Amino acid sequence: YVIRDPTAVTEDQFQTNTFELPVIMVTGKDVTPDTNRFVKPLITAFGGLSIAAFSLAVCFSTQDVSVDPIWVEEMVTPLVMSIILTQVAHEASHQIVAWKDKFKAGAPTIIPSLQTGLSGCITPIQTPPPNFNSLFDFAISGPLVGIVISVLLMYTGLEQQVFMDAVTQSQLPSLPVELVRSSSFAAGMVEWLLGDGVLLSSTSTDLIRLHPLAIAGFVGIITNALNLLPIGNTDGGRIALSVFGRSLSRVTRTVTIGIIVISSFFVGDALNVLLFYTIYAQIWQRDPEIACKNEVENVNDVRAVIAVFTGLLTALAVIPLP
């Protein structure tokens with residue numbers, strides 16, 4: 001591996017601009033961390049149950065719904081399938097990039113979430129990517145594909161809901177208004193299509209009825225945007241690593257975590273979606289990413305611009321509606 005010197009920078013090195021010089025790193029053939037073979041399948045099983053439990057909870061959250069099996073099938077099935085297929089497209093994008101650039105990515109582990117049923121997936125990189133450009137493509141492809149699909153799902157669901165009569169709308173699943181307001185981007189779509197003021201609430205228990213596809217789109221927007229936060233070895237952490245290098249990416253991670261923790265006390269994220277995700281990432285995705293074969297060459301300018309716009313999109317998707 002050709003990487004930049006990862007040792008701590010001394011004052012003399014900083015003053016003479018001789019830090020992070022290229023060095024050659026030699027390792028054994030297997031550089032992937034060891035994990036108990038039963039842990040990942042167990043977590044994935046819990047993740048699947050979490051998605052199912054979330055879907056059932058939002059469908060039966062209103063007391064005036066019928067327990068007709070046909071209604072259950074019409075509401076729960078498209079919700080569960082849309083959430084799962086969006087994540088499948090996310091993971092398939094990762095695997096396509098890994099195949100194209102001739103490195104190996106492991107099977108994803110589904111991570112449950114208390115608020116949305118799904119926090120995303122942990123997809124390990126098992127063999128070194130060629131360079132930072134390749135790592136960037138691998139990391140950003142999944143979330144961007146996931147967000148695009150999620151926006152289409154949410155728009156389709158809301159568009160169908162607009163033309164429903166009052167009786168049909170009364171049978172739709174419900175989400176807490178506070179949860180929908182946790183994403184300015186998703187909340188903006190809801191108010192744009194359903195009308196201004198639909199997300200105003202007087203209590204923290206207020207609910208809003210949404211089409212199953214709209215709920216699946218909302219979950220996808222939140223999940224993929226959280227994955228783009230530059231913390232740990234998540235997709236966002238890998239993007240930060242490829243754009244800033246190892247030293248600056250650690251600074252970016254620390255600043256991001258600090259902002260999230262501070263904002264959790266002052267910004268209107270009543271359900272602490274950001275804080276819970278940050279805690280999860282710090283516990284289960286804090287291991288350093290395996291090195292690329294070439295970490296001396298930086299990502300090109302086009303990818304740097306894409307990273308900036310992706311960062312703006314992420315901020316819009318995870319910052320709560322005022």
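The values are calculated or read from the model by the stated rules, or taken from the named source; none is laboratory data. Given the structure is predicted, the values throughout are model-derived calculations rather than measurements. Here the Cβ is made from the backbone with ideal geometry for all residues, glycine too, and neighbour counts use every protein chain on show. Note: areas computed on protein heavy atoms with side chains; ligands, DNA, RNA excluded. Shrake-Rupley method; radii C 1.70, N 1.55, O 1.52, S 1.80 Å.
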Would the range 232-239 turn up any residue that is open to solvent by 60 Å² or more (accessible area, probe 1.4 Å), modelled with pLDDT of 90 or more and either within 12 Å of the chain's Cα centre (by Cα) or under 24 Å from Ala186 (Cβ atoms) (or both)?
no
Take the residues of the range 102-126 that are farther than 17 Å from Leu144 by Cβ and free of Cβ contacts under 8 Å to residues at least 40 places away in the same chain: which is most open to solvent (accessible area, probe 1.4 Å)?
Lys102
Residue identified as within 25 Å of Ile84 (Cα to Cα) and among the aliphatic types (A, V, I, L, M) among Leu248, Leu274:
Leu274
Among residues of the range 263-299, those that are closer than 21 Å to Glu178 by Cα, modelled with pLDDT of 85 or more and among the β-branched types (Val, Ile, Thr), counted
3
List the pairs whose first member sits in the range 40-53 and is farther than 13 Å from Trp284 by Cβ, whose second member is part of a helix (DSSP H, G or I) and open to solvent by less than 80 Å² (accessible area, probe 1.4 Å), and whose Cβ atoms are under 7 Å apart, counting only residues at least 6 apart or on separate chains?
Ile51/Val80; Ile51/Ile83; Ile51/Ile84; Ala52/Val80
Which numbered condition trips up Ile221, out of (1) open to solvent by less than 10 Å² (accessible area, probe 1.4 Å); (2) in a loop (DSSP other than H, G, I, E, B)?
(2)
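Evaluate the range 300-307: report whether one residue or more is of a type in the set (A, V, I, L, M), farther than 28 Å from Ile43 by Cβ and in contact with a Pro (Cβ under 8 Å, 6 or more places away or on another chain). If you could, list the steps in order and put the result at the bottom.
Here is the first cut: in the range 300-307, the residues of a type in the set (A, V, I, L, M) are 302, 304-307.
If we keep only those that are farther than 28 Å from Ile43 by Cβ as well, we get 302, 304-307.
Within this subset, residues satisfying the condition of being in contact with a Pro (Cβ under 8 Å, 6 or more places away or on another chain) are none.
Looking through the range 300-307, none of the residues is of a type in the set (A, V, I, L, M), farther than 28 Å from Ile43 by Cβ and in contact with a Pro (Cβ under 8 Å, 6 or more places away or on another chain).
Looking at the range 262-308, which of its residues are part of a helix (DSSP H, G or I), touching a residue at least 12 places away in the same chain (Cβ under 8 Å), open to solvent by less than 60 Å² (accessible area, probe 1.4 Å) and in contact with a Leu (Cβ under 7 Å, 6 or more places away or on another chain)?
Selection gives Tyr277 alone.
Under the condition of being open to solvent by less than 30 Å² (accessible area, probe 1.4 Å) and under 10 Å from Asp101 (Cβ atoms), which residue from the range 131-141 is nearest to the chain's Cα centre (by Cα)?
Phe138
Considering Thr123, Thr127, Thr77, which residue is modelled with pLDDT under 95 and under 16 Å from the mean Cα position of the chain (by Cα)?
Just one listed residue meets the conditions, Thr123.
For the range 244-261, enumerate the residues that are of a type in the set (Ser, Thr, Tyr) and open to solvent by 50 Å² or more (accessible area, probe 1.4 Å). Spell out the reasoning first.
Residues of the range 244-261 of a type in the set (Ser, Thr, Tyr): 247, 249, 252, 254, 256.
Of everything in the range 244-261, just one residue is of a type in the set (Ser, Thr, Tyr) and open to solvent by 50 Å² or more (accessible area, probe 1.4 Å), namely Thr254.
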Conditions (1) surrounded by fewer than 17 Cβ atoms within 10 Å (Cβ to Cβ); (2) under 21 Å from Glu178 (Cβ atoms); (3) modelled with pLDDT of 90 or more; number of the one not met by Ala317
(1)
Please go through the range 144-199 and pick out each residue that is among the charged types (D, E, K, R) and touching a residue at least 60 places away in the same chain (Cβ under 8 Å).
Glu178, Arg181
Scanning the range 312-322 residue by residue, those in contact (Cβ under 8 Å) with a residue 60 or more places away in the chain and assigned to a helix (DSSP H, G or I) turn out to be Leu313, Thr314, Leu316, Ala317, Val318
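Per-residue answers, yes or no, for (1) in contact with an Asp or Glu (Cβ under 8 Å, 6 or more places away or on another chain); (2) under 30 Å from Gly232 (Cα atoms); (3) part of a helix (DSSP H, G or I); (4) open to solvent by less than 50 Å² (accessible area, probe 1.4 Å):
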{"residue": "Val97", "(1), (2), (3), (4)": "yes, yes, yes, yes"}
{"residue": "Pro129", "(1), (2), (3), (4)": "yes, yes, no, yes"}
{"residue": "Gly146", "(1), (2), (3), (4)": "no, yes, yes, yes"}
{"residue": "Ile149", "(1), (2), (3), (4)": "no, yes, yes, no"}
{"residue": "Val167", "(1), (2), (3), (4)": "no, no, yes, no"}
Restrict the check to the range 195-208 and report whether at least one residue is in contact with a helix residue (DSSP H, G or I) (Cβ under 8 Å, 6 or more places away or on another chain) and in a helix (DSSP H, G or I).
no
Among the residues of the range 17-40, is any surrounded by 15 or more Cβ atoms within 10 Å (Cβ to Cβ), part of a helix (DSSP H, G or I) and at pLDDT 70 or above?
yes
Every listed condition ((1) in a loop (DSSP other than H, G, I, E, B); (2) surrounded by fewer than 21 Cβ atoms within 10 Å (Cβ to Cβ); (3) modelled with pLDDT of 90 or more) holds for Ser182 save (2)
